[in-house]
Amino acid sequence: MKKLATLLSTLFHPLLMPTYGIAIALYTSYMRIFGDRLLGIIVTGVLLTTCVLPSLGIYILYKTGHISDVRLHNRTERTVPYIINFVCYVACYLYLYRFGIPSWILSFIAAALISLILALFINRYWKISAHMIAAGSMVTLVFLMSFYGLMLKPYILPLQLITLLLAGAIGSSRILLNRHTLGQVGAGFSLGVLCCVSMFYIFA
């Protein structure tokens, strides 16, 4: 079970979730009319700015001794990596904005920025689950797209079920691996939902 929990935690790492979210927003909505080539370029740019560059920054911090673990299990070591993530997310937002991406999609990245700021503050006093912040945002994105008719009908029910089940599996994995308590998992999910809903209504 722990191997499966580790696999889930790795495949759905917070650094990968923005890429999954943007891919869902682009490929399951009317944005599909722009074709796979252009959408692929956009998703690749999101992957570079929200996963590859932050991962490189964290690795450099680890090699230079500024953090003791690349997985950031120690909440007191998360400050600088979170700041790096924030800068990279700003770059991602500007990248998408230059492509003329609709505001309701930009709201997903804006939600990630706000949640990073809040998580950075919370982690000074209490460890909150970054995995579940990302999972909460993902679930909320899917349901908002469904509710407002932004998602193509064939994708609605499957993605609702998949994201809900995945969020539950990710949260269970974090608890099973003793990375978080039930309260930290629940708080992370709630924060992700709150940030995503707030930014969606502000932007849209």
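Computed values, structure above
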| quantity | calculated |
| --- | --- |
| Net charge of neighbours whose Cβ lies under 10 Å from the Cβ of ALA5, counting Lys and Arg as +1 and Asp and Glu as -1 | +4 |
| Estimated dipole of the chain in Debye, rounded to 20 [Cβ of Lys and Arg +1, of Asp and Glu -1, Cα centre] | 320 |
| Carbon and sulfur %, accessible surface of the chain computed with the full protein complex present, 1.4 Å | 71 |
| For the range 85-193, accessible area per residue (1.4 Å probe, heavy atoms of protein chains only), Å² | 46 |
| The chain - mean residue ellipticity at 222 nm from DSSP helices (-39,500 (n - 2.57) per run, n ≥ 4, rounded to 500) | -24500 deg cm²/dmol |
| Structure-derived Cα extents along the principal axes in Å - corresponding label in [x] 42, 40, 35; [y] 46, 32, 31; [z] 42, 39, 30 | [y] |
| Partner aspartates and glutamates for LYS127 [C-alpha distance under 13 Å; skip if fewer than 8 residues away on the same chain] | GLU77 |
| Formal net charge of residues neighbouring GLU77 (Cβ-Cβ distance under 13 Å; K, R +1; D, E -1) | +4 |
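The values are calculated or read from the model by the stated rules, or taken from the named source; none is laboratory data. Here the structure is a predicted model, which is why all the values come from computation and not from measurement. Don't worry about glycine lacking a Cβ; one is built from the backbone with ideal geometry, like all the others, and counts go over all protein chains shown. All accessible areas refer to the heavy atoms of the entire protein, side chains included, with ligands and DNA or RNA removed. Shrake-Rupley method; radii C 1.70, N 1.55, O 1.52, S 1.80 Å.
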